[in-house]
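S.K.: My structure is below; once you've seen it, I'll send some questions.
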Amino acid sequence: MRSYLLRRLVGMIIVVFLVLTLAFILVRLAPGDPASLLLGPDATPEEVQSLRVRLGLDRPILVQYLTFLANALQGDLGRSLFFDRPVTEVLASRAEPTIFLALFSLLVALVIATPIGIWAAYRRGSVLDQTSITTAMLAASVPSFLTGLIFQRYLATDLGWFPASGYGGVGADFGTRMWHLVLPSITLGITNSALILRFTRASMLDILGEDYVRTARAKGMTERRVVLRHALKNAGIPIITVVGLTFALLISGAVVTERVFNLPGMGNLVVNAVLRRDYPVIQGTLIVVATLYVLVNLLTDLLYLAVDKRVKY
Amino acid sequence: MAGSSTTAAPGFRKLMFQRPSVAVALAVFVAVVAACFLVPALGLAEPGGMSVRNRLTPPGGEYPLGADAFGRDVLGRLMVSGQTSLGIGLGVAVLSSVVGIAIGLIAGFFRRADAALSRLIDAMMAFPDILLALSLVAIFGGTMLNVILALSIVYAPRIARIVRASTLVIRELPYVEAARALGTRTPTIMVTHVLRNILSPIMVQATFIFAYAMLAEAGLSFLGVGVDPRTPTWGIMVNEGRQYIDTAFFLILFPGIAIALSVLSLQIVGDGLRDALDPKLAKES
Amino acid sequence: MILRTCLAASTAIALTAGSPLFAQEVVNVAIIGDPDTFDPMVSTKDIVSIVTQHVIETLYTFDEEWSVVPLLAADMPAISDDGKTYTIPLREGVTFHDGSAMDSADVAASVQRWAKVASRGMAIADKIASIEATGPAEVTITLNESYAPLLSLLAFSNSAAAIYPEEILADQIEKPVGTGPYKVESRVPDQYTQLVRFDGYTQPGDAAGERAQTPDEIRFVPVPDPNTRVEGLLSGQFDYADSLPTEAYDRIAASDVAEPVLLEPFGWPIFALNHKEGLATDLNIRRAIQAALPVDDMLFAAFGDEKFFQTDGAFYPEGWAWYTDAGTDLYNINDQAKAAEYLEEAGYDGSPLRILTSRQYEFHYKMAEVAAMALEMAGFTVQMDVVDWATLAQNRDNPAVWDIYITHSPFLPEPALTSIFFSSSREGWDNAEKNEILARFTSETDPQARKEVFAELQAKAYEDVGLLKIGNFNALHGKAKALDSVSPSPWPAFWNASKAD
């Protein structure tokens, strides 16, 4: 157990290190000299040279890389060219909508998918099983920006049930901000429910095939009671696993959803950064999101370990 | 269906199509592909030029699916755009499979490379697809090839992971060990024994990647960093139709249906393949 | 102060925290992007002008008829007979947002900085002999030669001759301090800019019009997506929305909450030609392009309804002092066979004509698509480079990579504000006869004579194909029905805005 934890931690550190390396390489691959790219075409050669020195671009690539690593480990991801503030600060100021959007949409997806998934497994092969799965897959097959646009157009603007866009504006209190996340969360949640539904259904089928469930069934327990007594008890496991699995999906979805609803989150930030060629912000977002992904997956694995006594490492 | 022969030869067809939806989905997908590639090639449909005065003509008559803001026939354009959209999906599925297989085989076969490659796979998977593709396209520019490359980088690790896991199992199988003992060279073993055995799960995964790549392309087009609009895709068509949501809803409806239908049918076919190729799940569902 | 009874729940909740008794009058404005600077001197973006005009003022401004009128100046300048010396009296008792009083030293230093760092200032820096404080409330600008557009330049809010306290002047001004009716209260990049009433504001003279400071606050919210701006306006989130897609006109007109604001005519789409390098340096190639363009179709595809455009070749629309039809027989030829003849004459070898455009403005892209088709019919090989705006802004300054790029401009009160006429511009239209006409135009001071010279300029622009005007287009903005006293303008101002209960 302890050696497993240690192994996982070492593995995680290596992965984070690789993430940093990949992010470093990626931005260096951009064609053209970063300094002249940053300054624009009007810059004089002297200005370009002085920025190169300031950014350390005149030093050997290995030195640049080591400096970058050292800075990143101290939480310094560089300075945004557009905001002229540290990248970490910019990202932190944009974290709230993204985090809550991810949480709420996960919640929406779980609320939709878990009961249907269990029910579909219980009635496997039935019309209900097939219909629910196909419907969920269909919802996931429509590009999420299209779903979002249609919701925004009809549910927000026409019916006025939800705010159409934004995050409440100047000095909005917490409740107002969260209220602005409801429609985006539903959009993203619906899109992501298919994966959870399929996962829940598959896990339930696994559990229903387990020996102890068969035994219970053999003892004359009705199928409904089997599901309620044994299977549901284990429903926590797929939920934990799915959180790790859908994290990347949620972040990708958040990029598009935040754009549709004009939410000031990290997704919108990175799209703007791309359009403004704000490379430090692109790089910083990649690093932070990837590191979060690694952490979330480690956490879910550990939770899994705590919940499911059957898992042996 | 090369892989099917070894895994589930006798009941493959029966298992694959035990749910009628799989057959329907396969038929739909084949029809979409045929419409996009065969119909224009056979000259059965004229994509037609611009006729600005007919812009936003509703579906019917001369324009079965309406005309867009330039007065171009939506049906003809759907077929041409489909070639790019499906091409991107297929390109990503093939390229990510090839790269994934190579990485996975090496990681699975050579213990020394395994640790490093596995971590690399983990690290690559930590980047969400749209985010990584967005950054790559931003850096290298939005051409069809770059979009395919970016998305392949995103999805290759998924294949690599499956290949590695399967390879680890298969390399310990008695007949593979026997082959090695007989002095068969490692690359030969990799290709003849391992590759043949893992082709099925890869095909399942590649089908899903095909679908995800088409969705991701639509997302990139929406964010304004997709492929050049002069080689349109369904994603670009939906995005262009956005501003006409009130005056000409059909402009987002039809390409939207095209995407959803293709992605959905690919996923159902992928499920069918999995049912047929993975006996454990197939038995239970 | 008006007690608001009902508004969007969101803003109501947001406001209770700060003001217990009276709800503040807040005007929410959706703009197309984030101003990347608050120093209007160094920017030519309309979005910067729209926001900063509330905060930072200039010596002169334009009235509703686009005549120059004094703002921080007390009166129109005394101009010497040779047109070289401008003596500008300043208003007294004007205070900056930091509490300091504006004096002639501040003004002279600010205008000097303008000639050094503002693109419009730098363009005429060689004509300026000196800018001096010649009294506590008087500044004198001395020119090397007479230059009629000077006052328009001093009045323009774009690359503006903004007046700052001398103390804050630097190459880069981080926190601009102005004299305007509003000051920046808080700003979160990409999210909002909050302006609040400046209590120490003193009204300008009658000519400039009262700046009543009706709203307590003005909030500018960047909403880059045009559809999202429409939804936000229609759902009551915004009181005003800038640059909306014309396709949304009917929907906004049918709404209970909002109504369309049509700026008619707003401006002109331009196909800018690269005179420095490449294909378009050849007059016959330029003439081929001019002859091939199907202007009607381009405008129709781009704007959809004749409500939103006019097929008009004059550089200024009817009703403007600068209106003339000189040279416009070369407008809208739409004859691809004729174009092919020009190509023949040019000995065109089939090398690609590179059209640089972006989808930041959808109508640019649409016009380019239609133009490309006609140009191909005429025999051109067309290469369309559709890039994002950042790339376009960068690439258009590199003459090696484009032949045509697409842009647009509002109708500017003074033709000399349009940089494309000048050979020093990025397009580099350098024709000896045109240069001579332009020199006469800028040095002539008699308005009637200037009109005639402008007609010569327009005729020359057609004959030598200096640039291609595609037509006139109207811009669509939208406002809440309850919002009043905002004059339609490319740079709408909100200091008089009021909201009905």
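S.K.: Within chain B, what's the longest run with no GluC sites (Glu not before Pro) in a DSSP loop and at most 16 other beta-carbon atoms within 10 Å? Give the range, please.
M.R.: Working: sites that count: B:62, B:172.
Free of exposed loop sites, the longest segment is B:173-285.
S.K.: Which listed residue (C:97, C:76, C:156) has the Cα farthest towards the positive end of the charge dipole for the stretch C:56-171, taking +1 on Lys and Arg C-beta and -1 on Asp and Glu C-beta about the Cα centre?
M.R.: The residue sitting most towards the positive pole is C:156.
S.K.: In straight Cα distance, which aspartates and glutamates are under 15 Å from residue C:127, not counting same-chain residues fewer than 8 positions off?
M.R.: C:82, C:145, C:444
S.K.: Sticking with this structure for a sec: Considering only the other residues whose Cβ falls under 9 Å of the Cβ of residue A:129, what net charge follows from Lys and Arg at +1 and Asp and Glu at -1?
M.R.: Taking every Cβ under 9 Å from that of residue A:129, the sum is +3.
S.K.: Please provide three numbers in whole Å: the alpha-carbon extents of the stretch A:94-307 along the principal axes, with the largest listed first.
M.R.: Taking the Cα atoms of the stretch A:94-307, the three principal extents are 65, 40, 31 Å.
S.K.: Starting from the Cα of residue B:14, draw a straight line to each of the aspartates and glutamates and keep only those under 13 Å, dropping any in the same chain fewer than 8 residues away.
M.R.: Within the straight-line cut-off, residue B:14 pairs with B:275.
S.K.: Which one, C:283, C:332, C:379, is farthest towards the positive end of the dipole of the stretch C:261-409 when Lys and Arg carry +1 and Asp and Glu -1 on their Cβ?
M.R.: C:283
S.K.: According to the Kirkwood expression over distinct Cα-Cα pairs, how big is the hydrodynamic radius of the stretch C:56-171, in Å? Kindly include the intermediate steps, with their values, before the conclusion.
M.R.: On the way: mean 1/r = 0.0712 Å⁻¹.
Averaging 1/r across every pair of different Cα atoms and inverting gives 14.1 Å.
S.K.: So what is the relative contact order for the stretch C:265-474, in percent, with contacts set as C-alpha pairs under 8 Å and at least six apart? Write down the numbers at each step before the final one.
M.R.: Details: 387 pairs, mean separation 80.6, N = 210.
Worked out over the stretch C:265-474, it gives 38 percent.
S.K.: With a/c under 1.5 counting as rounded, go ahead and sort chain C into rounded, prolate or oblate using the C-alpha gyration tensor (a ≥ b ≥ c being the square roots of the eigenvalues; past the cut-off, prolate if a/b is larger than b/c, else oblate).
M.R.: Oblate, because a/c is 1.5 or more while a/b does not exceed b/c.
S.K.: How would you classify the stretch B:136-275 from its alpha-carbon gyration tensor, with a ≥ b ≥ c the square roots of the eigenvalues: rounded for a/c under 1.5, else prolate if a/b is greater than b/c, otherwise oblate?
M.R.: Note, shape of the stretch B:136-275 comes out prolate.
S.K.: Which pairs in the list C:45/C:366; C:175/C:499; C:45/C:338 are over 27 Å apart, alpha-carbon to alpha-carbon?
M.R.: From C:45/C:366; C:175/C:499; C:45/C:338, over 27 Å: C:175/C:499; C:45/C:338.
S.K.: In which sequence would A:247, A:199 go, from the one with the fewest C-beta neighbours within 10 Å to the one with the most?
M.R.: Ranking A:247, A:199 by Cβ neighbours within 10 Å, fewest first, gives A:199, A:247.
S.K.: Nothing charged except the Cβ atoms of Lys and Arg (+1) and of Asp and Glu (-1): what's the magnitude of the dipole of the protein assembly as shown about its Cα centre? Round to the nearest 20 debye.
M.R.: 8400
S.K.: Using just the helices of the protein assembly as shown, give the 222 nm mean residue ellipticity in deg cm²/dmol: DSSP H runs with n ≥ 4 each add -39,500 (n - 2.57), and the total is spread over all residues, rounded to 500. Write down the numbers at each step before the final one.
M.R.: Working: 42 runs with 565 residues, N = 1099.
Roughly -16500 deg cm²/dmol at 222 nm, from the helical runs in the protein assembly as shown.
S.K.: Mind listing the phi-derived Karplus ³J(HN,Hα) values for the stretch C:352-364, rounded to whole Hz, using 6.51, -1.76 and 1.60 with θ = phi - 60°, and x for any glycine or proline?
M.R.: x, 8, 9, 9, 9, 8, 9, 9, 3, 10, 4, 5, 4
S.K.: Can you bin the stretch C:230-308 into rounded, prolate or oblate? Criterion: square roots of the alpha carbon gyration tensor eigenvalues sorted a ≥ b ≥ c, rounded for a/c under 1.5, prolate for a/b above b/c, oblate for the rest.
M.R.: Prolate, because a/c is 1.5 or more and a/b exceeds b/c.
S.K.: In degrees between 0 and 90, to the nearest 10, how far off the longest principal axis of chain B does helix B:144-170 point, with axes built from Cα atoms?
M.R.: So the inclination is approximately 30 degrees.
S.K.: What's the average, rounded to a whole number, of partner chain beta-carbon atoms within 10 Å of each residue's beta-carbon in B:237-247?
M.R.: Taking all residues of B:237-247 together, the mean is 6.
S.K.: Something else: Mind putting a number on the dipole of the stretch C:425-477 about its Cα centre? Charges go on the C-beta only, +1 for Lys and Arg and -1 for Asp and Glu, and I need it in Debye to the nearest 20. Don't skip to the answer; put the middle values down first.
M.R.: Details: 7 positive and 10 negative charges, 51 e Å.
For the stretch C:425-477, the charge dipole is close to 240 debye.
S.K.: Under the definition of partner shielding as Cβ atoms of other protein chains within 10 Å of a residue Cβ, what is the mean value for peptide B:216-225?
M.R.: Details: counts 3, 1, 6, 8, 2, 2, 12, 10, 11, 4.
Per residue, the number of nearby Cβ atoms from other chains is 6 on average.
S.K.: How big is the dipole moment of the stretch A:65-124 about its Cα centre under a simple scheme where the beta carbon of each Lys and Arg is +1, that of each Asp and Glu is -1, and everything else is neutral? Debye, nearest 20, please.
M.R.: 400
S.K.: DSSP loop trypsin sites (Lys or Arg not before Pro) in the stretch A:242-310 with at most 10 other Cβ atoms within 10 Å of their Cβ, which ones?
M.R.: Passing sites in the stretch A:242-310 are A:309, A:310.
S.K.: Can you give the Rg/Rh ratio of the stretch C:169-234, where Rg is from the C-alpha atoms and Rh is the Kirkwood radius?
M.R.: 1.06
S.K.: Among C:303, C:353, C:432, flag the residue with its Cα farthest along the positive direction of the charge dipole of the stretch C:265-474, charges on Cβ as +1 for Lys/Arg and -1 for Asp/Glu.
M.R.: The Cα lying farthest towards the positive end belongs to C:303.
S.K.: How about the stretch C:111-154: which GluC sites (Glu not before Pro) there are in a DSSP loop, with at most 14 other Cβ atoms within 10 Å of their Cβ?
M.R.: Those that pass, being in a loop and sparsely packed, are C:145.
S.K.: May I ask you to list the chymotrypsin sites (Phe, Trp or Tyr not before Pro) in the stretch B:36-145 that are in a DSSP loop and have at most 16 other Cβ atoms within 10 Å of their Cβ?
M.R.: Sparse-neighbourhood loop chymotrypsin sites (Phe, Trp or Tyr not before Pro): B:110.
S.K.: Run down the aspartates and glutamates and flag those whose C-alpha is under 13 Å from the C-alpha of residue C:434, throwing out any fewer than 8 positions away in its chain.
M.R.: C:456, C:463, C:464
All of the numbers you see were taken from the coordinates with simple rules; none came from a lab. None of these values were measured; they are calculated from a predicted model. Ideal geometry is used to build each Cβ from the backbone, glycine not excepted, and the neighbour counts take in all protein chains shown.
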